[in-house]
1. Using the beta-carbon distance between VAL86 and ARG16 and R0 = 30 Å, what value does 1/(1 + (r/R0)^6) give for FRET efficiency, to the nearest 0.05?
2. With contacts defined as alpha carbon pairs under 8 Å and 6 or more residues apart, what's the relative contact order of region 22-155 in percent?
3. Taking only C-alpha pairs under 8 Å that are 6+ residues apart, what is the relative contact order of region 1-89 in percent?
4. Can you give the alpha-carbon Rg of the chain over 2.2 N^0.38 Å, where N counts its residues?
5. By how many nm would the segment from ALA100 to ILE23 lengthen if fully extended, with 0.36 nm per residue of separation less the alpha-carbon distance?
6. By per-residue mean of other Cβ atoms within 10 Å, what is the highest-first order of 35-42, 59-66?
7. Considering the dipole of region 1-110 built from charges on the beta carbon (Lys and Arg +1, Asp and Glu -1) around the Cα centre, which of GLY93, VAL80, PRO65 is farthest to its positive end?
8. For the chain, which whole percent of the accessible surface, found with a 1.4 angstrom probe, sits on carbon and sulfur atoms?
Amino acid sequence: MSADTITLDRLLRIRRGLRAVLILPVGATVAGNVLHAQPTLVGRIISAWAPVALLIAVEILTRTPASTTRSRRVPLRAAVLAVTGVAAWVSYGHLYAVCARYGEDAVSARILPLSVDGLIVVITVKLVEINARIRDLEATRAADLPTPAHAGQTA
């Protein structure tokens, strides 16, 4: 096994682990939003939407290669920023209210939601970084592969 294979395998394991860990803060923010919602099906669905939209944005951002042209990167970054900003704003307010309602002191109720959204940001940034490294290793590996000889050609 070459050093690239070991590195690629390790990066793939880390990526799977990070995606699994991402379930925890996203689950916490969904739960907080739903706890804060009106006790109706529609109210709970609406409250759960912001973190679900955030998860979808994270998955798009981390699973697709970055665009090479500025004209494509800027609108995507603006859209991701808008979705994450809305989700963070809504989720922060809901989680703050839930923390305050269930006995956290004023300071804890204000800062605890930041740990949830902050962890999502940390994991997302690492996933973007690891995916870029995986793509680079895969491209290097593909470039190093011998090209098959064309049928009928002589050396």
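1. Values: r = 29 Å, r/R0 = 0.95.
After rounding to 0.05, the efficiency reads 0.55.
2. 30 percent
3. On the way: 37 pairs, mean separation 20.9, N = 89.
Result for region 1-89 is 23 percent.
4. 1.42
5. 25.3 nm
6. 59-66, 35-42
7. PRO65
8. 68 percent
The values are calculated or read from the model by the stated rules, or taken from the named source; none is laboratory data. This one's a predicted model, so the numbers in the text were calculated from it and none came from an experiment. Here the Cβ is made from the backbone with ideal geometry for all residues, glycine too, and neighbour counts use every protein chain on show. These accessible areas exclude ligands, DNA and RNA; they are computed on the full protein's heavy atoms, side chains included. Shrake-Rupley method; radii C 1.70, N 1.55, O 1.52, S 1.80 Å.
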